[in-house]
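Step one of this worksheet: look at the structure below.
The values are calculated or read from the model by the stated rules, or taken from the named source; none is laboratory data. Keep in mind the model is a prediction, meaning the values are calculated, not measured. FYI the Cβ positions are ideal-geometry reconstructions off the backbone, even for glycines, and counts take in every protein chain you see. Remember, those area values only see protein heavy atoms, side chains included, never the ligands or the DNA or RNA. Shrake-Rupley method; radii C 1.70, N 1.55, O 1.52, S 1.80 Å.
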Amino acid sequence: MQDFTLEIQRREGLGKAANRRFRNEGLIPTIVYHRGEDSIPALLSQRQFTHLAQQAKTSQIFILKSEDKNLDGRPAIVREVQRNFLDGRLLHVDLQALKEDEEITVRVPVKLVGEATGVKNEGGILAFVTHEVSVACFPKDIPQTFEIDINSLGLGQSIHAKDITLPAAVRLVVDAEETIVSVVAARTTKGDDAATEASAEAAAPAAAKASAKGGKK
């Protein structure tokens, strides 16, 4: 089982110049915050964070490891990751510290299981509309993912947020009618329509000629 422990240290230097220096040293400027507490500027190893983030779900809880007693052992969730829009380089990470007795709102990824009958047998197209669903629960109850069985999903049918089977301690915080996945009819392109019309026009004289011959005795 993957260990999602993040080594973290308190950040002493602040400002753009200091952050640039940290990044050059392979460290990511970070903020750890919790409602009602002072935010703590910190640093993460870019290498370790990238490695763990690639394996983590959106709702993954990380355990902080630090020499700072205000950070060590605290569970936290990634709230925002800032990247350089040109090269994708990590610039900053926001971590929200969690408390066991406080409810939190998180987005949980949705995984589709099976093959929709509307696609397999009815020529439809699968439209996966919502890939994550927002729920509220205590940290210990955060689901890693929601699996949705789509085998019986027919053409023109949809699965909505309200159709997801939630654990007893988890509740939706999105519109219950929000569409998760649908099977829709395949659309014909203008090219297909034009080809069909052209074929019909070409067939019309031949059909008329055949009809005329058939009428002569």
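Checking each residue in region 24-40 for being over 16 Å from V78 (Cβ atoms) and either assigned to a loop (DSSP other than H, G, I, E, B) or open to solvent by less than 60 Å² (accessible area, probe 1.4 Å) (or both) picks out E25, G26, L27, R35, G36, E37, D38. Restrict the check to region 64-79 and report whether at least one residue is surrounded by 13 or more Cβ atoms within 10 Å (Cβ to Cβ) and among the hydroxyl-bearing types (S, T, Y). Yes: one or more hits. Of all the listed residues (A136, A42, A127), the sole one being under 17 Å from I180 (Cα atoms) and at pLDDT 95 or above is A127.
When Q9, Q48, Q60, Q54 are screened for being in contact (Cβ under 8 Å) with a residue 12 or more places away in the chain and either farther than 14 Å from L95 by Cα or loosely packed, with under 12 Cβ neighbours inside 10 Å (or both), only Q48 passes. Within region 75-119, being touching a Lys or Arg at 6+ places or on another chain (Cβ under 7 Å) and closer than 30 Å to V183 by Cβ holds for one residue alone: P109. The set of residues from region 150-166 being open to solvent by 70 Å² or more (accessible area, probe 1.4 Å) and either over 15 Å from G124 (Cα atoms) or outside any loop (DSSP other than H, G, I, E, B) (or both) comprises K162, D163, T165. Scanning region 188-209 for residues that are at pLDDT 95 or above and of a type in the set (S, T, Y) turns up nothing. Yes or no: H131 farther than 29 Å from P41 by Cα and open to solvent by 70 Å² or more (accessible area, probe 1.4 Å)? When the stated conditions are applied, H131 passes them. Would you call E100 assigned to a strand (DSSP E or B) and open to solvent by 80 Å² or more (accessible area, probe 1.4 Å)? So E100 fails the test.
When each of L71, L52, L44, L91 is tested for being part of a strand (DSSP E or B), touching a strand residue (DSSP E or B) at 6+ places or on another chain (Cβ under 9 Å) and closer than 17 Å to Q9 by Cβ, the lone residue that passes is L44. Quick check on S182: is it hydroxyl-bearing (S, T, Y), in contact with a Gly (Cβ under 9 Å, 6 or more places away or on another chain) and either modelled with pLDDT under 95 or surrounded by 15 or more Cβ atoms within 10 Å (Cβ to Cβ) (or both)? Yes: the conditions hold for S182. The C-beta contact set for region 112-132 (first residue at positive phi and of a type outside the set (S, T, Y), second residue open to solvent by 50 Å² or more (accessible area, probe 1.4 Å) and in a strand (DSSP E or B), distance under 8 angstrom, 6+ apart or interchain) comprises G114/D149; G123/A185.
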